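Below is one structure, written out as structure tokens; comments come after it.
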Amino acid sequence: MKKYLLDRELSWLNFNKRVLDLSQSKDVSLKDRLFLYSITHSNLDEFFQIRISGLIEQVEIGELSGFTDNILIDEFNSIFDSASKYMQNRVDVWNDRLKEELSEFDLSIKTMDQLTKSEKIRLKDYFINNVMPSLTPLASDQTKPFPYISDLSLSIGVFLKKNKRKEFVRIKIPSNLGAYCNVNLNEIVWMHDLVMYFADVMFTSYQIEEKFWFRITRDQDLEFRQSLKKDLIDVVKEELEFRRQGKVSRVEIQNTASNYVRNYLKRNLDLKLDLFIDLSQPLTAFQINSLQNLRELPSSWKRPTREFSFGGDVFDILRKKDVLVHHPYDSFDQSVIKFLETACKDTKVITIKMTQYRTGNSAANDKITSLLATAARLGKQVAVQIELRARFDEERNIQNAEYLEDAGVHVSYGDPQYKAHVKMILVVREEDENLVSYMHFGTGNYNFVTSQSYEDIGLFTCNASLGEDCGLIFNSLTAYANRGFSKNILVAPEKLQDSILDFIKEQKKLKEDGYIFLKLNNITDPFIIRALNDASKAGVEIDIIVRGICSLKPSKKIRIKSILGQFLEHSRIYSFGKGSNNKIFIGSADMMQRNLRHRIEILVPILDSNVKKMLEKIILKYLKTDKFSWSLDEDGTWNLLNGDYSIQEDINKS
């Protein structure tokens with residue numbers, strides 16, 4: 001099986017490399033390339049917080065159990081080294097390209113050593129009066145323990161000579177100081193550079209032996225161990241406390257730091273492996289994003305301008321036809337939020353049910369959460385499934401849950417075994433003594449913030465058979481209904497994987513007459529990959545558009561592309577077959593082990609013929625050679641295709 005698979009971690013790093021490559025494209029304005037460049041650092045932070053920390057745990061478990069696998073350690077070192085080289089290459093891109101282009105807009109980023117004597121005198125005064133009062137040096141010696149260092153915080157380390165001994169002091173760079181300091185109208189220095197340069201002002205009685213910047217990353221992958229004696233919300237709250245103390249998974253450090261420094265940090269951070277990455281400067285997302293306010297840089301990206309409207313009464317329209325929306329080209333506000341607003345005000349609506357994974361805003365500032373609370377106060381039955389374990393949104397989701405409960409909303413946290421990643425809304429309305437179900441199914445979160453920049457698909461429908469399935473799935477989230485009885489909607493973990501495998505086998509039987517199209521974020525599941533390979537050997541043509549991780553190797557019959565651009569390609573579209581007999585699904589599930597077997601996910605069939613035709617046209621556009629697309633070779637290499645077409649630009653102006 002391994003001959004069909006590409007390494008998952010290296011594939012992810014290649015995805016981030018494609019983003020870095022795009023940040024250097026002359027087809028994209030400097031403003032937008034700076035944004036892409038900042039994303040590469042945020043992505044890497046999460047890679048080390050989650051993926052690398054998981055690999056470290058595997059290595060350490062092997063050592064503790066006595067079954068140390070040298071291949072595993074070698075594989076870990078290979079992945080860590082690849083990530084390190086990527087980070088170093090990222091610094092080169094800054095120095096060789098982006099920094100130079102900023103100077104064309106009369107913005108120069110200097111080091112303290114490059115400043116004149118008079119500039120240094122002026123900045124010293126600024127440091128003493130405006131910076132130093134906000135700093136809190138923390139020493140570590142015989143009477144003081146090694147200071148706690150939080151995840152992703154940028155620090156200055158100082159070794160002082162005290163009574164013939166070296167003593168360590170850590171100075172955290174608070175974010176409220178900003179990322180830079182103005183030298184003059186056209187020049188700035190990074191704040192950490194300023195603090196490190198004038199650190200001796202803070203320790204006038206001591207001799208500084210060495211000073212350097214460093215930044216650590218901690219394990220942020222929470223393990224929710226459900227206890228019969230505790231509610232899930234209490235378990236999540238406890239795990240959030242543990243997150244602060246996560247093990248170190250990376251130490252970014254100034255490349256001039258001595259071996260003495262590294263050994264000292266390795267010992268006090270309790271590092272069993274060499275987790276240092278040498279860099280000349282940190283160049284965090286916070287730093288890069290802060291530059292946006294310094295100059296009015298032009299953007300080559302256009303915001304969506306086409307107007308979406310239901311064109312009348314929402315429920316009347318949906319009784320006649322299904323409605324497909326394509327975000328962000330179609331307004332999230334005028335579609336999803338309009339649907340909810342109408343349901344909240346409509347006196348015939350008796351029930352509103354919804355899933356929430358990431359809202360993007362706190363309850364008080366979130367339109368959707370406020371609407372749900374209002375509906376409950378108006379006497380409607382409102383039930384919301386909130387996934388408390390959505391990574392990095394746990395705390396916000398707890399607050400939203402408590403806010404909704406206070407408003408009278410029935411809040412559930414779902415199955416403790418599986419995260420609920422499904423995206424759906426169910427509105428039940430009384431009509432002529434009957435109850436009619438109106439639904440929205442989406443490929444992305446109900447998140448107003450990301451809806452402006454994520455590409456996603458949504459389906460509005462009142463199809464009765466889908467309504468039965470939707471009600472059943474909601475009941476499984478709030479009580480004990482069996483999701484496996486869903487007739488049309490494919491539900492994970494009960495039947496989604498088996499259904500996809502069956503669809504692939506159906507195409508395999510058709511041989512050269514078979515066809516499969518998959519648009520997704522990631523594909524890593526070995527069972528799906530094996531089935532796709534078997535189908536391709538039988539003659540089935542397969543096109544895959546994958547944004548991120550791809551463990552599947554292409555072949556003569558399997559074509560794999562990745563498309564980037566202004567918007568994050570986030571929708572999942574699955575099509576099996578040709579012509580009128582093809583089956584098309586949209587949903588929240590990628591072809592990954594976690595989506596298929598460890599989460600509650602859905603893929604919804606497109607039953608309306610007009611909507612199906614609309615999706616078929618979208619699929620054809622994705623198959624064109626996009627100027628921001630890369631093709632995958634069998635050896636895992638991604639090659640820029642350099643087309644003259646952009647699907648995002650095409651849809652954005654249509």
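The values are calculated or read from the model by the stated rules, or taken from the named source; none is laboratory data. A quick note: this is a predicted structure, and the numbers were derived from the prediction, not measured. Every residue, glycine among them, receives a Cβ derived from its backbone with ideal geometry; neighbour counts consider all protein chains shown.
Can you say whether residue 318 is at pLDDT 90 or above, surrounded by 19 or more Cβ atoms within 10 Å (Cβ to Cβ) and in the same structural domain as residue 90 (by TED's automatic domain parsing), as far as the supplied structure shows?
Working: at pLDDT 90 or above: yes; surrounded by 19 or more Cβ atoms within 10 Å (Cβ to Cβ): yes; in the same structural domain as residue 90 (by TED's automatic domain parsing): no.
Answer is no for this residue.
Pairs meeting the criteria (first residue in region 120-138 and more than 15 Å from residue 203 (Cα to Cα), second residue at pLDDT 95 or above and in a helix (DSSP H, G or I), beta carbons under 6 Å, at least 6 apart or on different chains) are 134/177. Within region 347-365, the presence of at least one residue that is under 22 Å from the mean Cα position of the chain (by Cα), surrounded by fewer than 19 Cβ atoms within 10 Å (Cβ to Cβ) and part of a helix (DSSP H, G or I) is confirmed.
Restricting region 311-353 to residues that are free of Cβ contacts under 8 Å to residues at least 12 places away in the same chain and of a type outside the set (Asp, Glu), the residue that is nearest to residue 375 (Cα to Cα) is 345.
Being over 30 Å from residue 39 (Cβ atoms), acidic (Asp, Glu) and buried (at least 21 other Cβ atoms within 10 Å of the Cβ) narrows it down to one of 469, 534, so name that one. Steps first, answer last, please.
Values: 534 fails: buried (at least 21 other Cβ atoms within 10 Å of the Cβ).
Testing whether each residue is over 30 Å from residue 39 (Cβ atoms), acidic (Asp, Glu) and buried (at least 21 other Cβ atoms within 10 Å of the Cβ) leaves just 469.
Only one of the numbered conditions (1) among the aliphatic types (A, V, I, L, M); (2) closer than 30 Å to residue 115 by Cα; (3) surrounded by 13 or more Cβ atoms within 10 Å (Cβ to Cβ) is not met by residue 233, and that is (2). Being of a type in the set (Gly, Ala, Ser), free of Cβ contacts under 8 Å to residues at least 60 places away in the same chain and either buried (at least 22 other Cβ atoms within 10 Å of the Cβ) or farther than 26 Å from residue 442 by Cβ (or both) is the requirement here; does residue 551 meet it? So residue 551 does not fit the description; no.
Assess whether residue 105 counts as being within 27 Å of the chain's Cα centre (by Cα) and either over 30 Å from residue 271 (Cα atoms) or modelled with pLDDT under 95 (or both). Talk me through it step by step, then tell me what you get.
On the way: within 27 Å of the chain's Cα centre (by Cα): no; either over 30 Å from residue 271 (Cα atoms) or modelled with pLDDT under 95 (or both): yes.
Answer is no for this residue.
Of all residue pairs spaced 6 or more apart or on separate chains, none has beta-carbon atoms under 7 Å together with a first member in region 224-238 that is not assigned by TED's automatic domain parsing to the domain that holds residue 599 and a second member that is modelled with pLDDT under 60 and not in a loop (DSSP other than H, G, I, E, B).
Condition check ((1) of a type outside the set (A, V, I, L, M, F, W, C); (2) more than 21 Å from residue 396 (Cβ to Cβ); (3) out of contact with any Lys or Arg (no Cβ under 6 Å at 6 or more places or on another chain)) across all residues:
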| site | (1), (2), (3) |
| --- | --- |
| 300 | yes, yes, yes |
| 303 | yes, yes, yes |
| 314 | no, yes, yes |
| 322 | yes, yes, yes |
| 341 | yes, yes, yes |
| 364 | no, no, yes |
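Taking (1) surrounded by fewer than 16 Cβ atoms within 10 Å (Cβ to Cβ); (2) part of a strand (DSSP E or B); (3) at pLDDT below 95 in turn, residue 144 satisfies each apart from (2).
Taking the criterion of being under 26 Å from residue 323 (Cβ atoms) and free of Cβ contacts under 8 Å to residues at least 60 places away in the same chain, the residues of region 598-648 that qualify are 609, 612, 613, 616, 617, 620, 621, 624. Condition check: β-branched (Val, Ile, Thr), closer than 21 Å to residue 451 by Cα and either crowded, with 20+ Cβ neighbours inside 10 Å or touching a residue at least 24 places away in the same chain (Cβ under 8 Å) (or both). Does residue 382 satisfy that? Taking the combined requirement at face value, the residue does not satisfy it.
Counting only residues that are in a helix (DSSP H, G or I) and over 20 Å from residue 595 (Cβ atoms), which one in region 475-499 is modelled with the lowest pLDDT? Checking each candidate, the answer is 478. Annotation note: Cβ proximity below 7 Å between a residue of region 430-448 that is within 25 Å of residue 419 (Cα to Cα) and free of Cβ contacts under 8 Å to residues at least 40 places away in the same chain and a residue that is of a type in the set (A, V, I, L, M) and not in a strand (DSSP E or B) (sequence gap 6+ or interchain) occurs for 439/466. Every listed requirement among (1) crowded, with 23+ Cβ neighbours inside 10 Å; (2) over 26 Å from the mean Cα position of the chain (by Cα) is met by residue 492 save one, (2). Only residues that are part of a helix (DSSP H, G or I) and either of a type in the set (A, V, I, L, M) or surrounded by fewer than 11 Cβ atoms within 10 Å (Cβ to Cβ) (or both) were counted across region 101-123, and they come to 7.
Out of 516, 425, 457, 529, which single residue is in a helix (DSSP H, G or I), in contact (Cβ under 8 Å) with a residue 40 or more places away in the chain and either on the phi > 0 side of the Ramachandran plot or within 29 Å of the chain's Cα centre (by Cα) (or both)? Spell out how you get there, then give the answer.
On the way: 516 fails: in a helix (DSSP H, G or I); 425 fails: in a helix (DSSP H, G or I); 457 fails: in a helix (DSSP H, G or I).
It is 529.
Annotation for region 502-511: no member residue is among the β-branched types (Val, Ile, Thr), in contact with a helix residue (DSSP H, G or I) (Cβ under 7 Å, 6 or more places away or on another chain), farther than 30 Å from residue 412 by Cα and part of a loop (DSSP other than H, G, I, E, B).
Only one of 600, 619 is of a type in the set (Val, Ile, Thr) and touching a Pro at 6+ places or on another chain (Cβ under 9 Å); which? Result of the check over 600, 619: 600.
Quick check: anything in region 431-450 part of a strand (DSSP E or B), among the hydrophobic types (A, V, I, L, M, F, W, C) and more than 25 Å from residue 589 (Cβ to Cβ)? The answer is yes, given that some residue of region 431-450 is part of a strand (DSSP E or B), among the hydrophobic types (A, V, I, L, M, F, W, C) and more than 25 Å from residue 589 (Cβ to Cβ).
Here residue 389 fulfils each of the conditions (1) touching a residue at least 60 places away in the same chain (Cβ under 8 Å); (2) assigned to a loop (DSSP other than H, G, I, E, B); (3) of a type outside the set (A, V, I, L, M); (4) surrounded by fewer than 18 Cβ atoms within 10 Å (Cβ to Cβ) apart from (4). The number of residues in region 625-640 being in a loop (DSSP other than H, G, I, E, B) and either loosely packed, with under 15 Cβ neighbours inside 10 Å or aromatic (Phe, Trp, Tyr) (or both) comes to 6.
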